Amino acid sequence: MRKLAAGNWKMNGLGADLPQLEALMADHAQPAVDVVICGPATLLTRMAATGITVGGEDCHPAASGAHTGDISAPMLADAGATHVITGHSERRTDHSETDAQFAAKTEAGWAAGLHVILCIGETEAQYRAGDTLDVLRAQMDGSIPDDATAATTTIAYEPVWAIGTGLTPTPQEIADVHAALRAYLTARFGDDGATMRLLYGGSVKASNANDIFALANVDGALVGGASLKAADFSPIITALENAD
Ligand code: PEP
């Protein structure tokens with residue numbers, strides 16, 4: 001499985017921002033890693049038209065129906081997306097979504113042919129209480145469906161307290177968590193778990209990317225703020241290309 005540099009534009013991005021993707025493509029015409037930008041539904045078709053690989057940021061569990069304002073996985077695919085994020089902590093905090101809903105959204109993403117980037121992560125209080133691994137295991141039990149494979153699924157470890165804060169765990173903490181996640185995935189999914197991509201997410205930027213990508217079991221990153229500008233995201237892609 002190739003490494004993955006995934007951006008998450010969140011509720012950012014207008015037509016005027018599309019040149020950022022064109023600049024990114026110019027910097028990385030033939031990247032040695034997979035590069036995906038997950039963007040707002042309003043922009044997906046225009047993002048895909050630049051030639052970059054695009055993903056949705058969320059999807060409804062149902063394929064269609066009376067759900068005003070929601071976006072389904074087939075709609076994302078129809079707009080040109082090949083990926084979708086599920087389980088992002090901002091869906092938990094902003095919309096009170098649960099592991100069971102994330103599992104259903106993940107199944108919906110697969111059914112539409114999308115590769116799912118499924119996020120997990122502990123809050124600051126859980127981190128301070130030393131509960132990180134218990135929280136992550138419970139989230140994986142509840143949100144990763146049993147038929148997950150390395151081809152259909154990427155797991156992103158995103159400590160909630162590191163998202164958008166400029167804070168990150170130490171490299172040793174990231175390495176320890178990723179080793180535990182790999183052990184869980186291998187025990188549960190066998191060879192697929194041993195090869196399923198594991199991303200780190202939370203305040204990744206050019207200045208810390210090399211240290212993070214040097215760690216075992218870090219197969220890439222999910223990047224929020226630093227994915228909005230080509231000048232910020234491009235060196236992160238390069239760092240991932242240069243990692244062993
Ligand atoms: C995210 O929200 O997925 C994220 C990692 O954000 P940031 O890089 O801005 O911390």
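The values are calculated or read from the model by the stated rules, or taken from the named source; none is laboratory data. These numbers come from a predicted model, not from an experiment. Cβ sites come from the backbone with ideal geometry, for glycine too, and all protein chains shown count toward neighbours. The accessibility values were calculated without ligands, DNA or RNA, using every heavy atom of the protein model including side chains. Shrake-Rupley method; radii C 1.70, N 1.55, O 1.52, S 1.80 Å.
Odds and ends about this structure:
- Overall Cα dimensions of region 21-147, principal axis frame, Å, largest first: 45, 38, 28
- Within region 123-244, the percentage of alpha carbon pairs spaced more than 26 angstrom apart rounds to 20%.
- Accessible solvent surface per residue of the chain, calculated while the other protein chains remain in place, 1.4 angstrom probe, Å²: 42 Å²
- Spacing of the modelled spin labels on His67 and Ala138, each 7 Å from Cα toward Cβ, amounts to 2.5 nm.
- Added length on full extension, which subtracts the Cα-Cα distance from 0.36 nm per residue, Thr82 to Thr98: 3.4 nm
- Highest-fluctuation residue, Ile120, Ile85, Ile163 considered, GNM on the chain with Cα pairs under 10 Å: Ile163
- Straight-line cross-link partners of Lys205 among the lysines, defined as a Cα under 21 Å from its Cα and at least 8 positions apart when in the same chain: Lys3, Lys10, Lys229.
- Per-residue ellipticity at 222 nm computed for the chain from its helices equals -12500 deg cm²/dmol, with DSSP H segments shorter than 4 residues left out and the rest contributing -39,500 (n - 2.57).
- Zero-based 5 Å bins, Cα pair distances in the chain, whole percents: 1, 7, 15, 20, 21, 18, 12, 5, 1, 0
- Potential lengthening between Asn210 and Thr50 on full extension [0.36 nm per residue; Cα-Cα distance subtracted]: 54.8 nm
- Stokes-Einstein D in µm²/s, Kirkwood radius over Cα pairs - region 130-182 at 37 °C with 0.692 mPa s viscosity: 264 µm²/s
- Relative to the current alpha-carbon distance between Asn242 and Asp17, full extension at 0.36 nm per residue lengthens the span by 78.3 nm.
- Heavy-atom accessible surface of region 4-242: percent carbon and sulfur, 1.4 Å: 53 percent
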